[in-house]
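Undergrad: Here it is, the structure in full.
Read the figures in this text as sums done on the coordinates, not as results from a lab. Keep in mind that what you see is a predicted model, and the values were worked out from it rather than measured. For neighbour counting, all protein chains shown are included, and Cβ atoms are generated from backbone atoms with ideal geometry for every residue, glycine included.
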Amino acid sequence: MKNTQKALILLLCGALCAVVFACATGGGNAPASIGPGILATGEWRAYNDADDGGDSVSQLVMAKEEIDGETVDTYTVTGNVTTKFQYGYAGWAIDPDPETLERFKKATQFSFKILGDGKKYSLKYKISNIKDFAYHEYTFDTEEGVVSTIEVPIKFFMQPSWTNTPVRLRLENVIGVEFQTHESWRPATFHIKMWDFKVHN
């Protein structure tokens, strides 16, 4: 009986060690890697609230810069949000090329790097069957003078609470993505730099 108990204890200890080792090396319940992602390509542009009668402004400047030993395309966006239009806004967007658009339709996550200004912004997932501009969005904070890596799983996108016609996010209807200033800090100026915007499938 004692030999049987000793064997059972050794067996249990071995199993416990195996579980601990698996967790420590990425097994167990550790999240699976989503992979490196692919750079989104297309036409980047700035936009503002002029079509709504506002006078907010947004300017986008693209440049090639060396960051962490790698040459990357950066997008510096500056502007001023006013309240001439009650819900004043400004932002920047990408009109994806056909290849990137297809990736958007199968995306599991977006990621990007941003040099912040301490303000809050929204990433919006534009789909064709939304007619009131209540696009699904994810809001993120930035720190002034600090580079942050933002990762946004698709399941985190939500429609704003003010919409009267909620619709389901159907990726096959995507037409693009855009970034927008957040309502919490208008009126004010803004200045950010973004790069490495990737789509993960």
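Undergrad: Contact order normalised by length for segment 63-186, with contacts defined as Cα pairs under 8 Å and 6 or more residues apart; what percent is it?
TA: On the way: 216 pairs, mean separation 42.1, N = 124.
Taking the mean separation of contacting Cα pairs over the length of segment 63-186, I get 34 percent.
Undergrad: Note down the net charge around Y125, summing +1 for each Lys or Arg and -1 for each Asp or Glu among other residues with Cβ under 10 Å from its Cβ. Working shown, then result.
TA: Details: positive: K124, K126; negative: E137, E178.
Residues near Y125 contribute 0 overall.
Undergrad: Please compute the length gained on full extension between K64 and T149, using 0.36 nm multiplied by the number of residues separating them and subtracting their Cα-Cα distance.
TA: Details: separation 85, 0.36 × 85 = 30.60 nm, distance 1.89 nm.
Stretched fully, the K64-T149 segment lengthens by 28.7 nm.
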